[in-house]
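Written below as structure tokens is the structure these notes are about.
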Amino acid sequence: MDVFNAIIQTLDSTIRLSVPLLLACLAGLYSERAGIFDIGLEGKMLVGAFAGAAAASVFHSAFLGLGMAILISVAFAMIHGFASITHRGNQIVSGVAINFIAAGSTIILGQAWFQQGGRTPALQPGERFEAITLPGAEAIRDVPIIGPIYAELLSGHSILVYLAFLMVPFTWWVLFRTRFGLRLRAVGENPAAVDTAGISVAWLRYRALICTGILTGIAGAYLSMVQNGGFVKDMTAGKGYIALAALIFAKWKPVNAMFACLLFGFLDAASIRLQGSPLPIIGKVPAQFMQALPYILTVILLAGFIGKAIPPRAGGVPYVKER
Amino acid sequence: MSTPYAKLPAWADYGLIPLINLFVAFVVAGFVVLLVGENPLRAAVILVEGAFGKGTGIAFTLFYATTFIFTGLSVAVAAHCGLFNIGTEGQAYIAGLGIAIVCLSFDSTLPWWLTFPLAIIAAAAVGALWALIPAYLQAKRGSHIVITTIMFNFIAASIMVYLLVGPLKPAASQAPQTRNFLAGAELPKLNWIIELFGAKIRSAPLNVTFLLALVMAFLVWLLIWRTKLGYEMRTYGHSPKAARYAGISETRIIITAMMISGGLAGMMALNPVMGDQHNVAIDFVSGAGFVGIAVALMGRLHPVGIVLAAILFGMLYQGGAELAFEMPAISRDMIVIIQGLVILFAGALEHMFRPYIQALFASFSPRSVGMEAVKGKGA
């Protein structure tokens, strides 16, 4: 039974660790499907995390915090849009800039406003999202196998976790079953065709970036208001880039994105769990190897050894209307 | 990278527009200082005084500038070939491994002037090799170089952490770094040059790598504008189709450009490792690779511009340290914001003010913006 419990616990932390990746990955999905590369996921998550924790602790409300996280994150997405859609700037350069501005300003403003070395005050109960116990979880906890799976693995997460996983079918529905989604995918493949049909390429791409901003805002709020009781400087620690890797790994598809993020989350959970203890057959695996594995897997995928990752065709190219 | 905009006179294109962009970036940074509740003008004065007011300050400014010249050149060489090398950070980090191997093997037997060339070769070779794989994947497999170089940054960081907490760490030590190098791997300081001008220097890490950086800037200029290879790289950067039509091998040009870029990134590691800390420690690059992006964009990919932009960023780093001391509300992270703003305004939004300046020029002298002079009077 010990092994079973260990597996349940590892899977439970897999879910917790993959949620921010999943939200950021879906965020990237909207913008990249619309033809806007977004290296700035990391920065938008970071400002979201900061704005969320700061607002929650000042206004004593978790939902106000979430709202502020989304607002600020969308504002940063709009800067990206202003540079790369309106002014046809280099999208990668703009994303890099956003990451730097986010990293610097969260620390400076955090220090100036709260004087705790770049942290926000520790969030009190009611200022963060609490775990939700699903109905009947306590009742069937003692049932073998199903009980722990339901009570430990599925129940007891915050509302943002369930929201993140609900966003997967929702994103699929938006992209593949609505008119907006069809146009969004079209603008990522062939913007000239969309333009010919009389639809504004710029406005469509801006809307895609608003979706991106909302999701990165939620991802940031999850980091600072659920996973951690407050903002800590540089708390995204490369998660935005892992999400980007997951997006490529998922070949720009929502359901694949969920599995890619769960895989990367599992690698993270396993490396924490295995710290120092040897694995059967392979022996002792350095923690650094486990941490690097998502990146290594993505490079191997990009090299075309596990299927082929084909990005949206118009990705990264600013649209110039022909005159 | 073609621009869908009309031409401006060269001095406006290479002088005026970057200055305007820089100015706007600093104005926005000034607003952040206001938001924090400090006086931006006083902050600017402290910053400049900290960087250039005393001999020690100048030496530190040039020490930081050395690092940024290398990373700026690295980004620029790749950019001339139309490649965005975001992996400068990782290439410099992993090059520390090459330097460590050379220095730890020879520092007790060889004098510095023999260790240094060996270390240069090792650093450049390791940096170039780290850029080779993403370059190969881009050329042969079409994998996007931005993504692969980002991934390689993280992989490099993992490898270095593994080595520095394990095999490279002396058994008796707790700190995650190599043992300190002996005199044979310590580079001589250049502070006496500044002292010639009468300034006093307490201790500053400015060292001979600065001269190497200037030589490299000259060589990059030679490469890009005076050699066949540089011409091919620029052709490929402007139009891969035209390059292919002209018979330039895509694979060869991408791999060569990226390896040169990686080599320059690798040489950056010489400055902090052999010139200052005398060991290889965790995270010794600390973002200098990313500063290179800002430096290259500000310097408009020209070596002269890059040296000037690197000195500007060296000033920000040194002056920023003084600023953090004088104004406790402003930590050194202020530089990170400025860096981001410079990348935003000099890079992504470089064309924002262009139409206005163009209109301005056109109203004064239509010829200067490449328009035909309007015929007839009174137009």
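The values are calculated or read from the model by the stated rules, or taken from the named source; none is laboratory data. This is a predicted model, so every value here is computed, not measured. Ideal geometry is used to build each Cβ from the backbone, glycine not excepted, and the neighbour counts take in all protein chains shown. When the accessible area is computed, the model is the full protein with side chains, heavy atoms only, and any ligands, DNA or RNA have been set aside. Shrake-Rupley method; radii C 1.70, N 1.55, O 1.52, S 1.80 Å.
When the convex hull of its Cα atoms is viewed from all sides, chain B shows a mean projected area of 23.1 nm². Shown in residue order for the stretch B:143-158 are the 3J(HN,Hα) couplings computed by the Karplus curve 6.51 cos²θ - 1.76 cosθ + 1.60 at θ = phi - 60°: 7, 4, 5, 4, 5, 5, 5, 4, 4, 5, 4, 5, 5, 4, 4, 4 Hz (x for Gly and Pro).
Computed 3J(HN,Hα) for the stretch B:273-289, one whole-Hz value per residue from the Karplus formula 6.51 cos²θ - 1.76 cosθ + 1.60 where θ = phi - 60°, is 6, 8, x, 10, 7, 6, 7, 9, 10, 4, 6, 6, 6, 6, x, 4, x, glycine and proline marked x. Which residue, A:ILE140, A:PRO286, A:SER105, has the largest displacement toward the positive end of the dipole of the stretch A:2-302 when charges sit on each Cβ (Lys, Arg +1; Asp, Glu -1)? Comparing the listed Cα positions along the dipole, A:SER105 ranks first.
Ranked by the mean number of other Cβ atoms within 10 Å per residue, highest first, peptides B:158-164, B:134-140, B:92-98 order as B:92-98, B:134-140, B:158-164. Dipole of the stretch A:2-302 computed with +1 at Lys/Arg Cβ and -1 at Asp/Glu Cβ about the Cα centre; of A:LEU123, A:LEU11, A:ILE72, farthest Cα towards the positive end is A:ILE72. Across the stretch A:42-141, the volume of the C-alpha convex hull divided among the residues equals 138 Å³ per residue.
Each Lys and Arg Cβ is given +1 and each Asp and Glu Cβ -1; about its Cα centre, the protein assembly as shown then shows a dipole of about 2040 debye. Under 5 Å from the amide H of A:HIS157 lie the amide H atoms of A:ILE132, each residue being 5 or more positions distant or on a separate chain, with H modelled from the backbone and absent for Pro and chain starts. Working from Cα pairs under 8 Å separated by at least six residues, relative contact order for chain A is 34 percent.
With helices as the sole contributors, chain A gives -21000 deg cm²/dmol at 222 nm; each DSSP H run of n ≥ 4 counts as -39500 (n - 2.57), and the sum is divided by every residue.
Note on the stretch A:1-84: Cα Rg divided by 2.2 N^0.38 Å, N the number of residues, gives 1.40. In the frame of its principal axes, the protein assembly as shown has Cα extents of 82, 79, 57 Å, reported largest first. A simple rule links phi to the HN-Hα coupling: the Karplus curve 6.51 cos²θ - 1.76 cosθ + 1.60 with θ = phi - 60°, which for the stretch B:45-54 gives 5, 4, 4, 5, 5, x, 7, 10, x, 10 Hz, with x for Gly and Pro.
On the principal axes of its alpha-carbon atoms, the stretch B:166-315 has extents of 59, 46, 26 Å, going from largest to smallest.
I need the Kirkwood Rh of the stretch B:194-237: take the reciprocal of the average 1/r across all distinct C-alpha pairs and report it in angstrom. For the stretch B:194-237, inverting the mean 1/r across all distinct Cα pairs yields 13.1 Å. Across the stretch B:50-319, C-alpha contacts under 8 Å between residues 6 or more apart give a mean separation that, scaled by the residue count, equals a relative contact order of 43 percent.
On a per residue basis, the convex hull of the C-alpha atoms belonging to the stretch A:148-290 measures out at 159 Å³. A 1.4 Å probe run over the stretch A:2-302, with the rest of the protein chains in place, finds 39 Å² accessible per residue. Any idea how far the Cα center of the stretch B:148-163 sits from the one of the stretch A:151-208, in Å? Cα centres, the stretch B:148-163 to the stretch A:151-208: 32 Å.
Take the Kirkwood radius over Cα pairs of the stretch B:263-317, plug it into Stokes-Einstein at 20 °C and 1.002 mPa s, and you get 180 µm²/s for translational diffusion. Shielding by partners for peptide B:133-144, expressed as the average number of C-beta atoms from other protein chains within 10 Å of each residue's C-beta, is 4. Normalised by residue number, the volume inside the convex hull of the Cα atoms of the stretch B:156-233 is 184 Å³ per residue. Residue farthest toward the positive end of the dipole of the stretch B:50-319, with Cβ of Lys/Arg at +1 and Asp/Glu at -1: which of B:LEU264, B:ILE101, B:HIS278? Projecting each Cα onto the dipole axis, the largest value belongs to B:LEU264. In summary, no lysines lie within cross-link reach of B:LYS169, defined as a Cα separation below 17 angstrom excluding same-chain residues under 8 places away.
Per-residue ellipticity at 222 nm from helix content only, as computed over chain B with -39500 (n - 2.57) for each DSSP H run of at least four residues, stands at -21000 deg cm²/dmol. Electrostatic tally near A:PRO169: other residues with Cβ closer than 15 Å to its Cβ, Lys and Arg +1, Asp and Glu -1, net +2. Normalised by the number of residues in the stretch B:257-318, the mean separation of alpha-carbon contacts (under 8 Å, six or more apart) gives a relative contact order of 17 percent.
Taking a straight line from the alpha carbon of B:LYS228, these lysines sit under 30 Å away, with near neighbours fewer than eight places off in the same chain left out: B:LYS7, B:LYS140, B:LYS241. Rounded to the nearest 20, the size of the Cβ-charge dipole of chain A about its Cα centre is 1020 debye, with Lys and Arg at +1 and Asp and Glu at -1. In the stretch B:71-118, the residues that give up 40 Å² or more of accessible area when the other protein chains are added, compared with the chain on its own (1.4 Å probe), are B:PHE84.
Distance from the C-alpha centroid of the stretch B:309-333 to that of the stretch B:174-210: 21 Å, rounded to the whole angstrom. Comparing chain A with the 2.2 N^0.38 Å rule of thumb, its C-alpha radius of gyration ratio is 1.03 (two decimals).
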